[in-house]
Amino acid sequence: MMLSIIIPTLNESKTGYLAQILQSYNHLQNCEIICVDGGSVDNTLTIIAAAGVRVIKTNIASRAGRLNVGILHANADMIVLHHPRSILDVKGVEWLIKQKESLVWGAFTHTFAMKHWLLKFTSWYSNHIRGDKRSVYYLDHCLFASRKLLLEVGMLPEVDIFEDTELCLRLRKRSKGTRLSFISETSPVRFQSNGIYIQAITNQYMKWLYYFKRSDTKINKQYEKGIELNTQYQNTRIEDLHLTKDDGIFKALR
């Protein structure tokens, strides 16, 4: 197995992206797809079953926790942490499979699936300033890293929001991230639901709360209010699952 793609899912039917994502990878060789579901009550699990993709059912509230479960169960040396509402250029995945020996970690090039000057600027800044200069990417970019490195840095922190930022801060201590030119096209669903300018202001406000170290749960509850794409608020964390694969590694990271 050359590559593992991990998709954290939770009630994905409302955005319509999951079936398209899974269908785009059905021809790939040397690649496994793992969906880690957080307790979907719509037809997400039916979509996964129809695609013939491996699914791990959990009741983990956080997206970070679901991604960590996938990392622990992955069989490949290189892992893609795949945003559940991003369409990744399949040619980029094929290229990553061929070039994985020369790469340590990085992300794909972000764009939105909607034309607007502010969204275009947001992607430009995310790719060229935050990404290229600071080696900080969001999950929307579809991050990739070697499984060994992910385990060494402790995987993703158990926080409800900005877990992707925190992971990049851990990874960049080892090496600079590589941004691949292949596109990760992300759903603008939050901008469509809340309004482009209101959502843009909200995003900046969330960042300020994060930088001032406010509660990640409180920040995310505010971020998810009215749309709830990433999180179900229960008390379950990754350690509640009693995972068995790589159990020694898992205990060492707790």
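Where a number appears in this text, it was derived from the coordinates with a stated rule and is not lab data. Worth saying up front: this structure is predicted, and the values here are computed from it rather than measured. Using ideal geometry, Cβ is built from the backbone for each residue, glycine included, and neighbour counts are taken over all protein chains shown.
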> Between ILE5 and residues 5 or more places away or on another chain, which pairs have amide H atoms under 5 Å apart, with H built 1.01 Å from N, and which residues are they?
Replying inline: GLU32, ILE33, ILE34, VAL80
>> With an 8 Å Cα cut-off and a minimum separation of 6 or more residues, compute the relative contact order for the chain in percent.
In response: 24 percent
> Once both labels are modelled 7 Å past Cα along the beta-carbon direction, what's the GLN192-THR15 spacing in nm?
Replying inline: 1.1 nm
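What fraction of the Cα pairs in the chain, stated in percent, has a spacing above 27 angstrom?
Summing the P(r) tail past 27 Å for the chain gives 31 percent.
Please tell me which of these pairs span more than 28 angstrom C-alpha to C-alpha: LYS148/LYS221; LYS133/LYS207; LYS100/LYS221; LYS120/LYS225; LYS14/LYS148; LYS176/LYS221?
LYS148/LYS221; LYS100/LYS221; LYS14/LYS148; LYS176/LYS221
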> Taking only DSSP H segments of four or more residues, each worth -39500 (n - 2.57), what value at 222 nm results for the chain once the sum is divided by all its residues, to the nearest 500 deg cm²/dmol?
Replying inline: -10500 deg cm²/dmol
>> Amide H of ARG179 versus every other amide H placed in the peptide plane: which residues, excluding those fewer than 5 positions away on the same chain, fall under 5 Å?
In response: ALA107
> Quick one: Karplus J couplings for region 174-182, per residue in order, coefficients 6.51, -1.76, 1.60, θ = phi - 60°, nearest Hz, x for Gly and Pro?
Replying inline: 8, 6, 6, x, 10, 9, 7, 6, 5
> Helix by helix, which DSSP H runs in the chain go 15 Å or more along their axis at the Cα atoms and have an average Kyte-Doolittle hydropathy of -0.5 or more?
Replying inline: 63-73, 196-211
> Rg to Rh ratio, region 29-74, alpha-carbon atoms and Kirkwood radius?
Replying inline: 0.97
> At 37 °C and 0.692 mPa s, what whole-number value in µm²/s does Stokes-Einstein give for the translational diffusion of region 71-118, with Rh from the Kirkwood sum over Cα pairs?
Replying inline: 256 µm²/s
>> Applying a 10 Å radius around every beta-carbon, put 176-189, 194-207 in order of their mean neighbour count, most first.
In response: 176-189, 194-207
